[in-house]
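Below is one structure, written out as structure tokens; the observations come after it.
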Amino acid sequence: MVNIDTWMEGFLSRLKETFGPRLLFLGLQGSYGRGEANEDSDIDVVCVLDRVDLADLDTYRTLVRGMPEGEKACGFLCGVEELKRWPEYDLCSVVRDTRPLFGSWEGLLPPLGRADLARGVAIGASGLYHAAVHTYLYGGREGWADFLRKAHKSAFFLLRDCHELRTGEQVRTRRELLPRLGGEEKAILAYGLAPEGEKEAAFARLIAWAGRLLGENFTQE
């Protein structure tokens with residue numbers, strides 16, 4: 001498995017050498033950022049430059065491909081002005097799942113608040129509901145396991161945001177969140193950690209939960 005600290009240190013050095021003061025922020029998100037990575041995990045890099053054009057993308061791609069196991073790299077790259085115009089609900093997720101390694105979010109983001117996080121939950125719940133219903137109706141059973149794996153990954157981020165909206169507590173990892181949940185939500189997270197049981201039951205749980213989530217009012221403190 002990739003030694004992520006060494007990998008990111010090396011990548012940061014290359015970025016600094018190439019972009020100099022144009023590099024404003026570098027962070028790590030995803031399973032490596034949360035300390036949940038395995039041998040197959042992607043390296044989810046978050047990078048912000050002063051601006052990004054096609055030549056910058058070509059340069060960045062060359063740097064990534066020159067890294068050991070660079071084929072595992074993915075993530076988020078943008079210029080500072082685009083970041084400031086980014087939908088706030090989406091930035092809530094980016095910030096909460098990113099471990100800063102260089103620079104700071106301060107001054108790079110628009111103001112983010114509770115309403116933005118709640119909007120992100122509603123959008124995520126509607127997407128999850130639609131995808132689960134569509135896959136159950138029209139997807140072949142041979143693809144159900146892969147869909148449920150991806151859907152429960154998305155559900156984790158929704159569960160984490162819901163927990164923050166309800167309690168004010170920010171939790172980073174699945175293992176930290178699991179004992180803080182109960183009932184249906186704990187069962188959803190547990191299935192994502194270790195898929196066991198009938199797939200029909202997993203679909204039913206996801207669909208029912210996402211549907212109810214759409215009616216939950218998070219806008220009030």
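The values are calculated or read from the model by the stated rules, or taken from the named source; none is laboratory data. Just so we're clear, the structure is a prediction, and the values are computed from it rather than from any experiment. Backbone-built Cβ (ideal geometry, glycine too); neighbour counts: all protein chains shown. To get the accessible areas, we keep the full protein, side chains included, count just its heavy atoms, and leave off ligands, DNA and RNA. Shrake-Rupley method; radii C 1.70, N 1.55, O 1.52, S 1.80 Å.
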So, first residue at pLDDT 95 or above and part of a helix (DSSP H, G or I) in the range 108-132, second residue open to solvent by less than 30 Å² (accessible area, probe 1.4 Å) and among the small types (Gly, Ala, Ser), Cβ within less than 7 Å, six or more apart or across chains; the pairs are Ala125/Ala210; Leu128/Ala151; Leu128/Ala155; Leu128/Ala210; Tyr129/Ala210; Ala131/Ala151; Ala132/Ala151; Ala132/Ala210
Residues in the range 2-60 that are among the β-branched types (Val, Ile, Thr), touching a strand residue (DSSP E or B) at 6+ places or on another chain (Cβ under 6 Å) and more than 30 Å from Arg175 (Cβ to Cβ) total 1
Note on the range 63-90: residues within 21 Å of Lys16 (Cα to Cα) and among the hydroxyl-bearing types (Ser, Thr, Tyr) are none
Filtering the range 123-148 down to residues that are among the aliphatic types (A, V, I, L, M) and in contact with a helix residue (DSSP H, G or I) (Cβ under 8 Å, 6 or more places away or on another chain) yields Ile123, Ala125, Leu128, Ala131, Ala132, Val133, Ala145, Leu148
Within the range 185-213, the residues that are loosely packed, with under 13 Cβ neighbours inside 10 Å and either more than 20 Å from the chain's Cα centre (by Cα) or β-branched (Val, Ile, Thr) (or both) are Glu196, Gly197, Glu198, Glu200, Ala201, Arg212
Only one of Asp5, Asp40 is in a loop (DSSP other than H, G, I, E, B), free of Cβ contacts under 8 Å to residues at least 12 places away in the same chain and surrounded by fewer than 17 Cβ atoms within 10 Å (Cβ to Cβ), namely Asp40
